[in-house]
Amino acid sequence: MTETIIYWDSFTYKHWKVNLAATNNGLCFLGTHHSSYDELVKWCKKQFPNSHILENSSQLLPYEEELVEYFEGKRKNFTFSFDIRGTTFQMDVWNALNQIPYGQTKCYSDIAHMIGNPKAVRAVGTAIGKNPLSIIIPCHRVLGKNGTLTGYSGGLDVKELLLQHEGIPYKK
């Protein structure tokens, strides 16, 4: 089995703290404020069991540049590739999240309908919680049915910042 090289870096831009990891095929992990290097390593080792993690800021620069453009309000969509692993159900949910336009929201049942499984609302929530690319795969754009702020694996404070950044109204 060939070893996968995973490059990682962390950066801070204004009040945003981001941990990134990527393979040669694309971004595989993005963690914000409350994530740690240990969490990044744990995720990468689980998804890429035969991997070696190297710190390399130049390899992550294209991802960082697009994120900074997003934080500056100059970018609404990301153009780079992903290298993420998940179950078929998780991948379906994450693909549905990618269809939510900047500045708009959906609720969990909307996502369940989008993937053709309207009774899987709780499972959708679980899959959203396992999203390895917060911000990029916009799980922050999923609110409760009545527009309320709901769980976010990166912390509700981060979700609030992202919603405010995109001008999305929500209820507490």
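Scanning the range 144-172 for residues that are of a type outside the set (A, V, I, L, M, F, W, C), at pLDDT 90 or above and closer than 25 Å to Trp43 by Cα, we see that the one that is surrounded by the most Cβ atoms within 10 Å (Cβ to Cβ) is Lys159. Among the residues of the range 125-143, those that are open to solvent by 10 Å² or more (accessible area, probe 1.4 Å) and over 20 Å from Asn77 (Cα atoms) comprise Gly125, Thr126, Gly129, Lys130. Flag: Ala96 does not match the condition of being of a type in the set (Gly, Ala, Ser), modelled with pLDDT of 95 or more and over 14 Å from the mean Cα position of the chain (by Cα). Residues of the range 120-144 that are part of a loop (DSSP other than H, G, I, E, B) and more than 18 Å from Tyr170 (Cα to Cα): Ala120, Lys130, Asn131, Pro132, Ser134, Ile136, Ile137. Filtering the range 60-99 to residues that are under 16 Å from Thr23 (Cα atoms) and of a type in the set (A, V, I, L, M, F, W, C) leaves Leu60, Leu61, Phe80, Phe82, Ile84. If you go through the range 26-48 and keep only what is surrounded by 13 or more Cβ atoms within 10 Å (Cβ to Cβ) and hydroxyl-bearing (Ser, Thr, Tyr), you end up with Thr32, Ser35, Tyr37.
The values are calculated or read from the model by the stated rules, or taken from the named source; none is laboratory data. Please read all numbers here as calculations on a predicted model, not as lab measurements. Note: ideal-geometry Cβ built from the backbone for every residue, glycine included; neighbour counts use all protein chains shown. Keep in mind that these areas ignore ligands, DNA and RNA; they rest on the heavy atoms of the full protein, side chains included. Shrake-Rupley method; radii C 1.70, N 1.55, O 1.52, S 1.80 Å.
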